[in-house]
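Please read the structure below before turning to the comments.
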Amino acid sequence: MMPKPDPLSRTRDPPSSTCCCPPPLARRHLLGLGLAAIPAAFFPSLGAAADYGSYEATLLTCIDPRFIKAAGGYMAGRHWAGKYSQFSFAGAAIGAVAPKFATWHQTYWDNLQVTVGLHHVKTVVALNHRDCGAAKLAYGDAAVGTPEAEAETHRKALADFRREVTRRHPNLQVVTGLIARDGKVEMVG
C-alpha cells in the first residue's frame, strides 16, 4: 500500500525517468515569474539601470525633501538624468566630513568606493543647501546665524569634502554647490 501524499508538503516526487518533459512549475513559482516581469513591463528604463555599466557621476545630497527637485534639476541640466547614482544623508557633504557625524563618515566613503567600482563614475557632485538643520547640529547656531556665516560654513565643509574625495580618488572630478531656498544652485569651490 502506497502512503498518501501530504497535501502540505512542499516537496515533489522526482520526475519520471521515462518522461522527457520538465516537472510542472508550482503556482508560487509562476506567480513569482509574473511579478518579476512587472517592473520591466511598466518601467522599461529600469532594465538599463540594472546593468552595472558606466555612469557619469554620483550625487551626494541632503535628506531634506525641499531640495530634491533642485538637485535633480541640476543633474538634468548637465545632461546626466538617468546617468548618475545618488547617496543621501543629513547634511550631504557635512554628513561626510563634520566631526559631529564621525560615525557616518565610513558609510559614505565605503559607498563611494562601491559606486566607483560598479558604475565607473567620473565625477562626484555634492550639493549642500541653505537652511540646513544638519549644519546647525554639526557646527552650532552661530555657524548658520547669518547668510554670510552660513555660506562660509558650507564653503568650509565642501572644501573638506573635496579634499577627502581627492585624497581617496585622485582621478575623480569633484563638483560642489550650495542650493538656495529658491532652488538655484551656487557653485562653491
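The values are calculated or read from the model by the stated rules, or taken from the named source; none is laboratory data. What you see is a predicted model; the values in this text were computed from it and never measured. All Cβ positions, glycine included, derive from the backbone under ideal geometry; neighbour counts span all protein chains shown.
Filtering segment 69-90 down to residues that are in a helix (DSSP H, G or I) and either polar (S, T, N, Q) or free of Cβ contacts under 8 Å to residues at least 12 places away in the same chain (or both), which residue is surrounded by the most Cβ atoms within 10 Å (Cβ to Cβ)?
To start, the set of residues in segment 69-90 that are in a helix (DSSP H, G or I) comprises 69-77.
Subset that is either polar (S, T, N, Q) or free of Cβ contacts under 8 Å to residues at least 12 places away in the same chain (or both): 72, 76-77.
Working: GLY72: 16, ALA76: 12, GLY77: 10.
Among them, the one singled out is GLY72.
The set of residues in segment 155-177 being surrounded by fewer than 13 Cβ atoms within 10 Å (Cβ to Cβ) and part of a loop (DSSP other than H, G, I, E, B) consists of PRO170, ASN171.
Before we move on, is ARG66 within 30 Å of HIS154 (Cβ to Cβ) and either modelled with pLDDT of 50 or more or outside any loop (DSSP other than H, G, I, E, B) (or both)?
Values: within 30 Å of HIS154 (Cβ to Cβ): yes; either modelled with pLDDT of 50 or more or outside any loop (DSSP other than H, G, I, E, B) (or both): yes.
It is true that ARG66 is within 30 Å of HIS154 (Cβ to Cβ) and either modelled with pLDDT of 50 or more or outside any loop (DSSP other than H, G, I, E, B) (or both).
In segment 92-107, the condition of being within 24 Å of TYR74 (Cα to Cα) and surrounded by fewer than 16 Cβ atoms within 10 Å (Cβ to Cβ) is met by no residue. If you go through segment 178-189 and keep only what is of a type in the set (Asp, Glu) and outside any loop (DSSP other than H, G, I, E, B), you end up with just GLU186. Candidates are the residues of segment 91-135 that are of a type in the set (A, V, I, L, M) and in a loop (DSSP other than H, G, I, E, B); the one that is nearest to ALA149 (Cα to Cα) is ALA98. Given the structure, is ALA142 assigned to a helix (DSSP H, G or I), over 20 Å from the mean Cα position of the chain (by Cα) and hydrophobic (A, V, I, L, M, F, W, C)? Considered against the rule, which asks whether it is assigned to a helix (DSSP H, G or I), over 20 Å from the mean Cα position of the chain (by Cα) and hydrophobic (A, V, I, L, M, F, W, C), ALA142 comes out as yes.
Quickly run through segment 136-165 and pick out the residues that are hydroxyl-bearing (Ser, Thr, Tyr) and within 18 Å of GLY189 (Cβ to Cβ). Don't jump to the end; show me each part of the working.
Here is the first cut: in segment 136-165, the ones hydroxyl-bearing (Ser, Thr, Tyr) are 139, 146, 153.
Matches in segment 136-165: TYR139, THR153.
Residue pairs whose Cβ atoms lie under 6 Å apart, sitting 6 or more positions apart in sequence or on different chains, and linking a residue in segment 154-174 that is touching a residue at least 12 places away in the same chain (Cβ under 8 Å) to a partner that is among the charged types (D, E, K, R) and outside any loop (DSSP other than H, G, I, E, B), are VAL174/ARG162. Cβ-Cβ contacts under 6 Å between residues 6 or more apart (or on different chains), taken from a first residue in segment 98-125 that is within 15 Å of ARG163 (Cα to Cα) to a second residue that is crowded, with 18+ Cβ neighbours inside 10 Å and hydroxyl-bearing (Ser, Thr, Tyr), are listed as VAL124/THR58.
Looking at ALA81, ALA71, ALA90, ALA134, just one residue is more than 15 Å from HIS154 (Cβ to Cβ) and aliphatic (A, V, I, L, M), and that residue is ALA81.
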